[in-house]
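Heads up, the thing below is written out as structure tokens.
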Number of protein chains: 2
Amino acid sequence: MENTKIPYKIYLDESEIPTQWYNVRADMKNKPAPLLNPATLKPMTAEELYPVFCKELVAQELNDTDAYIDIPQEIQDFYKMYRPSPLIRAYFLEKALGTPAKIYYKFEGNNTSGSHKLNSAIAQAYYAKKQGLKGVTTETGAGQWGTALSMACSYFGLDCKVYMVKVSYEQKPFRREVMRTYGASVTPSPSTDTAVGRKILKEHPGTTGSLGCAISEAVEVATSTEGYRYVLGSVLNQVLLHQSVIGLEAKKALDKYNVKPDIIIGCAGGGSNLGGLISPFVGEKLRGEADYRIIAVEPASCPSLTRGKFAYDFCDTGKVCPLSKMYTLGSGFIPSANHAGGLRYHGMSSTLSQLYHDGLMEATSVEQTSVFAAAEQFARVEGILPAPESSHAIRVAINEALKCKETGEEKTILFGLTGTGYFDMLAYEKFNDGLMSDYIPTDEELQKGFDGLPNVPEN
Amino acid sequence: MENTKIPYKIYLDESEIPTQWYNVRADMKNKPAPLLNPATLKPMTAEELYPVFCKELVAQELNDTDAYIDIPQEIQDFYKMYRPSPLIRAYFLEKALGTPAKIYYKFEGNNTSGSHKLNSAIAQAYYAKKQGLKGVTTETGAGQWGTALSMACSYFGLDCKVYMVKVSYEQKPFRREVMRTYGASVTPSPSTDTAVGRKILKEHPGTTGSLGCAISEAVEVATSTEGYRYVLGSVLNQVLLHQSVIGLEAKKALDKYNVKPDIIIGCAGGGSNLGGLISPFVGEKLRGEADYRIIAVEPASCPSLTRGKFAYDFCDTGKVCPLSKMYTLGSGFIPSANHAGGLRYHGMSSTLSQLYHDGLMEATSVEQTSVFAAAEQFARVEGILPAPESSHAIRVAINEALKCKETGEEKTILFGLTGTGYFDMLAYEKFNDGLMSDYIPTDEELQKGFDGLPNVPEN
């Protein structure tokens, strides 16, 4: 190993954990489009959102003017349980690739939720507690969000009802059990608990569920149960706001060593991790202070940015949620059963969608066998078994590093390693046994999703 | 949370990772008894051990005079991948218990092996590589050791053959898959690959295996295959030597804040984690420089220290290994199927056995339902889902902290949190469903194990 001043792992001090979130919308000239009421097609007011979301979270959702928002002390305290997260210089990977590129990754998997999801879960649970609620409802796909929320609710003594996509519920019994260990109730979705679940089951008997469908159920339960609200782990502006701690810490760690990344890479499902990681860097870009190449990576099987439409769409299958303007494959699009459950969502954060639309961010898609090949290579040299979702970013980071090897360029690459893959070993088994396949939807299949887009006249 | 100068997590700098292992035997007046050749009942010579173990590891095994042994640069490099590990002040747990005690734990689970086992795996793989071997064989029970070894072998390009206790192989397919992801071959034990496996299968058809049995198979394959040696993840002196990095780091972190523990607690199966954690503290005790109360915690179902005999015994079921003088339940003792696979071993490190015999360490045993209750309590407030093995130490740490609550004493407690429980969710499920039971062997059952002890005359 070369002798260098930059350590393998850069840990900030506890005193350097951010005390304010950064709200990138404040610096955007073209603001993300507002949520619309599906009945009136008018922007949702705060009052209209209160039955679904906690009041302070609604305020954060609608706030596109304040660049910094204070993190309450109780959340700062909880962050100390698992933050700051390390920024790791991938010396081992660089050596294995023989690349002149300098690779860094921000590792958010060293907590029991196994991912970055805890950053927003604790914030949302805090505001629910502060509002005097009994509990919250949510959906979970891959399970990281549900796990994170169960941990956060356990900490504040809130009830936590999780609707888990049925295929994940069955394939990931251990995920379910972690949530139960933290006191959450976990129901496979679609269920017969809700009107929307019963309707979906009737229309699609034998369905293994989807995120969009689980969202509909969780929202129905929240809005029909006294003292409950709904919380969501991605897509929303408030989530990207909370997740900005990832980028703020990463930037502070890099700044300490005067390192400026040339390329910033993150996987993108609903956008929570990518949005959080890039926020402060995009802020500099928006303010004309610096330039960065930013790449969103999505699965070829669920390509909302690279093949979707920029349009108003429902956030959920049951069409009970507000309309959001975003890159979308249509709320009726059911992605093939790939192994990155966290990236199987038909839409994309409206903030990221706007940044992409405005050319401030690139997007690319990758196929899952190449993703698992990168995951295995990474695990063997860096010693961390990555989640399938995170491995999408690894794939592209390796690709970019190999390009540097060809050209001899010493680019600095930063990517987000959102989580660990301990609960994804069925997918790894499939890959190890050579049984994993790729799937790319045809244009005709995508058209079916687009045909279901709601008709919203341009302003 | 109280405002204090001691952070939640104390991370040493990379430059503070130990560059020498500490060999506690050098400071022991009563040295651990030597390994005996079972045929001659004479101490094993280095030459007799070479067919089984790598040469440099044999030298470390037999070295009871050098207090410090240099850590080769290649191992130091690898340590940087996941070390230093954090020393965590359990502020959240202290608050939940309402205890005046100050609780610290050294967390070794933040790496893909999920435990401290990697500390010795990388050392043993390094010496195998240095000796020009093709590969190594080993056994694994709970799976942490096998995972750690597969990671280490992958790093050095060594072949890795793991014999996994059959019940674990079946109950923990994901563990197996992690090892395969790192390129290891994994065989359920007993298998028909080996003479000893076939013999055991014939005598005990339908057996679900044991650590002692898997050791016999791994040793047979190593000694009968060109270019292979056997490696073991616990019990041996060399393993305790490598694991001393745990205690050295913990002590350095505490020293930075002038903290001196009153009580040091660790779980004890074969003794690798406990021996590593306590080594530098016991060294001070042996040299008369300080005093510490040290507590080994074992499962009530496999109580080698608290109910075993201090005698020469076989290390394995097949009786192919040398004899070791240790606290043992007899190599024929089959512990009940408790959920802490890493603690289901009939014997105990000869070094720890000697320290216990000489009154330098206490031991206690706990039942598994109380262990899982402690695990769940800990997970909910500290945010780390502990391995069942580690939770034995948590149980006793909480008990001691609650005693302080009664007496008002502000004792400082340090315990070892050896690993995470992500692959133990079947056990958690049993606990969550109220289906977990306790088992304590009767004196008659223990006597059967003692009846099988070899007849070794006292010197």
- Length-normalised contact order of the stretch B:51-204 in % [C-alpha pairs under 8 Å, at least 6 apart]: 16 percent
- Note on the structure: Log entry: pair-distance distribution for the stretch A:1-88, C-alpha pairs binned every 5 Å from zero, whole % per bin is 3, 11, 15, 14, 15, 13, 11, 8, 5, 3, 2, 1, 0
- Taking each label point as 7 Å beyond Cα in the direction of the beta carbon, state the distances from A:E289 to the same residue in the other copies, shortest first, in nm. 4.9
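Once fully extended, how much extra length lies between A:T306 and A:K95, figured as 0.36 nm per residue of separation less the alpha-carbon to alpha-carbon distance?
On the way: separation 211, 0.36 × 211 = 75.96 nm, distance 3.19 nm.
Separation in residues times 0.36 nm, less the Cα-Cα distance, equals 72.8 nm.
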- Message: Just to be sure I understand: of the beta bridges DSSP finds with both ends in chain A, what percent are antiparallel, rounded to 5?
- Response: 35 percent
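Can you give the FRET efficiency to the nearest 0.05 for B:E226 and B:A39, using r as the Cβ-Cβ distance and R₀ = 35 Å? Each step should come with its number before you reach the end.
Details: r = 24 Å, r/R0 = 0.68.
In this case the efficiency is close to 0.90.
Nothing charged except the Cβ atoms of Lys and Arg (+1) and of Asp and Glu (-1): what's the magnitude of the dipole of the protein assembly as shown about its Cα centre? Round to the nearest 20 debye.
Numbers: 92 positive and 106 negative charges, 21 e Å.
Charge dipole of the protein assembly as shown: 100 debye, to the nearest 20.
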- Message: What FRET efficiency comes out for A:Q131 versus A:E47 if R0 is 22 angstrom and r is the Cβ-Cβ distance? Round to the nearest 0.05.
- Response: 0.90
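Count neighbours as other Cβ atoms within 10 Å of each site's Cβ, and list the GluC sites (Glu not before Pro) in the stretch A:162-230 that are DSSP loop with at most 12 such neighbours.
Details: sites: A:E170, A:E177, A:E203, A:E217, A:E220, A:E226; in loops: A:E226.
Of the GluC sites (Glu not before Pro), the ones in loops of the stretch A:162-230 whose Cβ has at most 12 other Cβ atoms within 10 Å are A:E226.
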- Message: If you take every residue apart from B:A96 with its C-beta less than 10 Å away from the C-beta of B:A96, what net charge results, scoring Lys and Arg +1 and Asp and Glu -1?
- Response: 0
- Query: Along the charge dipole of the stretch B:350-423, which of B:G408, B:A374, B:Y356 sits closest to the positive end, that is, farthest toward it, with unit charges on the beta carbon of Lys, Arg, Asp and Glu (+1, +1, -1, -1)?
  - Reply: B:A374
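DSSP loop trypsin sites (Lys or Arg not before Pro) in the stretch B:285-362 with at most 14 other Cβ atoms within 10 Å of their Cβ, which ones? Numbers along the way, then the final one.
Values: sites: B:K285, B:R287, B:R293, B:R307, B:K309, B:K319, B:K325, B:R344; in loops: B:R287, B:K319, B:R344.
In loop regions of the stretch B:285-362 (DSSP not H, G, I, E or B), the sparsely surrounded trypsin sites (Lys or Arg not before Pro) are B:R287.
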- Item | Mean-position separation - Cα centroids, the stretch B:295-369 and the stretch A:179-220, in angstrom | 48 Å
- Query: If you project the alpha carbons of the stretch A:85-184 onto the principal axes, what extent comes out on each, in Å, largest first?
  - Reply: 54, 33, 18
- In the protein assembly as shown the cysteines whose Cβ sits 4.7 Å or more from every other Cys Cβ are A:C54, A:C213, A:C267, A:C302, A:C404, B:C54, B:C213, B:C267, B:C302, B:C404
- Sorted shortest first, the nm distances from the B:H204 label point (7 Å along Cα→Cβ) to its counterparts in the other copies are 5.0
- Taking every pair of alpha-carbon atoms in the stretch B:1-154, give the share separated by more than 28 Å as a whole percent. 37 percent
- Task: Mind checking which aspartates and glutamates have their Cα closer than 20 Å to the Cα of B:K430? Skip sequence neighbours fewer than 8 apart in that chain.
- Result: A:E170, A:E177, B:E170, B:E367, B:E376, B:E389, B:D438
- Task: Could you calculate the contour length gain from A:D77 to A:S336, that is, 0.36 nm times the residue separation minus the distance between their Cα atoms, to one decimal place in nm?
- Result: 89.2 nm
- Query: For the stretch A:235-379, what is the percent of antiparallel DSSP beta bridges, rounded to the nearest 5?
  - Reply: 40 percent
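Enter the mean number of other protein chain beta carbons within 10 Å of the beta carbon of each residue in B:70-80, as an integer.
Details: counts 0, 0, 0, 1, 1, 0, 1, 4, 3, 1, 7.
Partner-chain Cβ atoms within 10 Å, mean over residues of B:70-80: 2.
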- Message: If I take every Cα pair under 8 Å that is 6 or more residues apart in chain B, average their sequence separation and divide by the length, what percent do I get for the relative contact order?
- Response: 19 percent
- Item | Dimensions (Å) - the stretch B:315-361, Cα atoms, principal axes, largest first | 31, 27, 14
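What is the ratio of the Cα radius of gyration of the protein assembly as shown to 2.2 N^0.38 Å, where N is its residue count, to two decimals?
Working: Rg = 27.8 Å, N = 918, 2.2 N^0.38 = 29.4 Å.
For the protein assembly as shown, the normalised Cα radius of gyration comes out at 0.94.
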- Item | Ratio Rg/Rh [Cα only; Rh per Kirkwood] for the stretch A:283-435 | 1.00
- Message: Shape verdict for chain A, please, from the Cα gyration tensor: rounded (a/c under 1.5), prolate (a/b greater than b/c) or oblate.
- Response: rounded
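If you take all C-alpha pairs in the stretch A:378-450, what percent of them are over 21 Å apart? Present the calculation step by step, with values, prior to reporting the outcome.
Details: 1230 of 2628 pairs.
Beyond 21 Å sits 47 percent of the P(r) for the stretch A:378-450.
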- Dipole size in debye (nearest 20) for the stretch A:1-120 around its Cα centre, Lys and Arg Cβ +1, Asp and Glu Cβ -1? 620 debye
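As an exercise, identify the GluC sites (Glu not before Pro) in the stretch A:239-302 lying in DSSP coil whose Cβ has no more than 11 other Cβ atoms within 10 Å.
Values: sites: A:E249, A:E284, A:E289; in loops: A:E289.
Filter output for the stretch A:239-302: A:E289.
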- If we hang a label 7 Å off Cα along the beta carbon direction at A:D255, how far is it from the matching labels on the other copies, in nm, shortest first? 3.5
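How much net charge surrounds B:Q60 when only the other residues with a Cβ under 15 Å from the Cβ of B:Q60 are counted, with Lys and Arg +1 and Asp and Glu -1? Provide the component values of the computation, followed by the final result.
Details: positive: B:R25, B:K31, B:K55, B:K130, B:R229; negative: B:E56, B:E61, B:D64, B:D66, B:D70.
Net local charge, B:Q60 excluded: 0.
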- Message: Please give the charge dipole size of chain A, origin at the Cα centre, charges +1 on K and R Cβ atoms and -1 on D and E Cβ atoms. Round to the nearest 20 debye.
- Response: 440 debye
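Over 28 Å between Cα atoms: which of A:K5/B:K285; A:K80/A:K134; B:K117/B:K252; A:K5/A:K251; B:K285/B:K325 fall into that group?
From the list (A:K5/B:K285; A:K80/A:K134; B:K117/B:K252; A:K5/A:K251; B:K285/B:K325), the Cα-Cα distance tops 28 Å for A:K5/B:K285.
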- Run down the aspartates and glutamates and flag those whose C-alpha is under 17 Å from the C-alpha of B:K202, throwing out any fewer than 8 positions away in its chain. B:D193, B:E217
- Note on the stretch B:185-270: contact order normalised by length, alpha-carbon pairs under 8 Å, 6 or more apart, percent, works out to 18 percent
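Quickly estimate the mean residue ellipticity at 222 nm for chain A, helices only: each DSSP H run with n ≥ 4 gives -39500 (n - 2.57), and the total goes over all residues, rounded to 500.
On the way: 18 runs with 192 residues, N = 459.
My calculation for chain A gives -12500 deg cm²/dmol from helical runs alone.
Here is the link list: B:K55/B:K309; A:K309/A:K448; A:K95/A:K403; B:K95/B:K405; A:K95/A:K411; B:K129/B:K161. Which ones come out longer than 20 Å on Cα distance? It would help to have the intermediate numbers written out before the result.
Numbers: B:K55/B:K309 31 Å; A:K309/A:K448 12 Å; A:K95/A:K403 15 Å; B:K95/B:K405 11 Å; A:K95/A:K411 15 Å; B:K129/B:K161 15 Å.
Over 20 Å apart, Cα to Cα: B:K55/B:K309.
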- Item | Added length on full extension, which subtracts the Cα-Cα distance from 0.36 nm per residue, A:A59 to A:E444 | 134.6 nm
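Does the stretch A:146-244 classify as rounded, prolate or oblate by the C-alpha gyration tensor (a ≥ b ≥ c root eigenvalues; a/c under 1.5 gives rounded; else a/b over b/c gives prolate, otherwise oblate)?
Working: a/c = 1.57, a/b = 1.36, b/c = 1.16.
It is prolate, given that a/c is not under 1.5 and a/b is the larger ratio.
Taking beta carbons within 10 Å but only from partner chains, what does the mean come to for residues B:173-183? Spell out each step's value before the answer.
On the way: counts 3, 9, 2, 3, 11, 7, 0, 7, 12, 5, 3.
Average neighbour count from other chains, rounded to a whole number: 6.
Read the figures in this text as sums done on the coordinates, not as results from a lab. If you're wondering where the values come from, they're calculated on a predicted model, not measured in any experiment. Because the Cβ atoms are built from the backbone with ideal geometry, glycine has one as well, and the counts that use them run over all protein chains shown.
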